[in-house]
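Just so it is clear, none of the values below were taken in a lab; they were calculated from the coordinates. Computed from a predicted structure; not experimentally measured. All Cβ positions, glycine included, derive from the backbone under ideal geometry; neighbour counts span all protein chains shown.
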Amino acid sequence: MINIKSDHEIELLRIAGNIVYQTHQYLKPFIKEGITTLELDRLAEDFIRSKGATPSCKGYNGFPATLCTSINDEVVHGIPSKRKLKNGDIITLDICACYKGYHGDSAWTYKVGEVSKEVSDLMDETKEALFAGLAMVKPGNRIGDISNAVETVAKKYHLGVVRELCGHGVGHELHEDPDIPNYGKPNTGPLIKEGMVFAVEPMLNLGSRDICMLDDGWTIVTYDEKPSAHFEHTVLVTHDGYEILTTGE
Ligand code: MF3
Ligand code: CO
């Protein structure tokens with residue numbers, strides 16, 4: 001069942017989304033060679049709590065941290081650790097916060113110092129795929145229109161589309177209906193309606209789409225060990241398009 005949010009719920013989702021955005025902005029200057037992902041995690045948790053919210057990921061199915069920190073060939077759900085960032089790495093911070101029972105969810109891939117041109121292009125192309133998907137968000141379109149738009153951009157650049165993980169509805173639960181795959185056919189899937197809230201989140205690989213899980217039971221990596229990028233926004237469907245909730249000041 002896909003929830004249509006009430007005005008009150010939308011207010012709380014806006015605040016939650018804004019806290020997630022602020023957390024990204026707060027962390028950005030710390031993303032430098034030498035910092036550990038655990039240090040970033042502590043900063044993020046303290047910041048989220050200082051805003052009156054809680055970290056949605058911490059304890060979610062047993063996940064141990066506030067941030068998912070996924071470096072280079074790690075696609076999603078990297079666990080913060082004593083690993084230090086190095087010049088030339090890319091790191092995705094996937095941040096979820098819960099405000100008065102409502103969630104915001106946004107992932108962004110960042111450069112650590114200077115990265116190679118092909119990795120920088122991968123980031124730009126994945127961001128392009130996110131916004132191509134979002135451009136399809138309006139009442140009357142279908143979820144498959146978003147999926148197809150993301151896939152079309154990925155194909156244009158010959159990137160691997162991770163199929164096992166999807167975008168999703170966001171609300172009182174971090175993951176709600178509908179699933180939003182990053183591949184699919186136009187004019188298929190659930191109808192998009194005003195008042196829905198969901199996260200669109202392409203995960204695109206420089207190599208093949210194949211992934212596997214590390215022994216820690218969380219970290220998903222590319223099978224061929226090539227880098228992967230991930231950009232995600234939570235959006236509200238408006239009467240004629242969408243409003244990004246994980247943005248603003
Ligand atoms: N944004 C992540 C996702 O949609 C949140 C994961 S929480 C975790 O998959 F606990 F599973 F890490
Ligand atoms: Co998500």
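Some points to look at:
- Inter-probe distance in nm under a simple model that places probes 7 Å from Cα toward Cβ, at residue 3 and residue 111: 3.9 nm
- Here's the list of aspartates and glutamates a cross-link from residue 51 could span, going by alpha-carbon distance under 15 Å and ignoring same-chain residues fewer than 8 apart: 249.
- Lys, Arg +1 and Asp, Glu -1 on Cβ, resulting dipole of the stretch 114-199 about Cα centre, debye, nearest 20: 360 debye
- The charge dipole of the chain, taken about its Cα centre with unit charges on the Cβ of Lys, Arg, Asp and Glu (plus for the first two, minus for the last two), comes to roughly 240 debye.
- Anchor residue 58: aspartates and glutamates whose Cα lies under 17 Å away (excluding residues fewer than 8 positions away in-chain): 39, 41, 45, 46, 94, 105, 173, 216
- For the stretch 8-59, GluC sites (Glu not before Pro) meeting the loop criterion (DSSP other than H, G, I, E, B) and having at most 13 other Cβ atoms within 10 Å: 33.
- Flagged links, alpha-carbon separation over 19 Å, of 117/226; 138/193; 32/86; 5/185: 5/185
- In the chain the longest region clear of chymotrypsin sites (Phe, Trp or Tyr not before Pro) that are loop-assigned by DSSP and have at most 15 other C-beta atoms within 10 Å covers 1-156.
- Simple label model, 7 Å out from Cα along Cβ direction - residue 208 to residue 30, nm: 3.8 nm
- Loop-located GluC sites (Glu not before Pro) in the stretch 126-170 (DSSP state not H, G, I, E or B) with no more than 15 neighbouring Cβ atoms inside 10 Å: 164.
- Computed from label points 7 Å out along Cα-Cβ, the spacing between residue 240 and residue 225 is 5.2 nm.
- Computed about the Cα centre, the dipole magnitude for the stretch 1-145 is approximately 440 debye when only Lys and Arg (+1) and Asp and Glu (-1) carry charge, each at its Cβ.
- Here the gap between residue 118 and residue 216, fully extended at 0.36 nm per residue and compared with their Cα-Cα distance, gives a gain of 32.4 nm.
- For the stretch 60-103, the set of trypsin sites (Lys or Arg not before Pro) satisfying both a DSSP loop assignment and a count of at most 16 other C-beta atoms within 10 Å is given as 82, 83, 86, 100.
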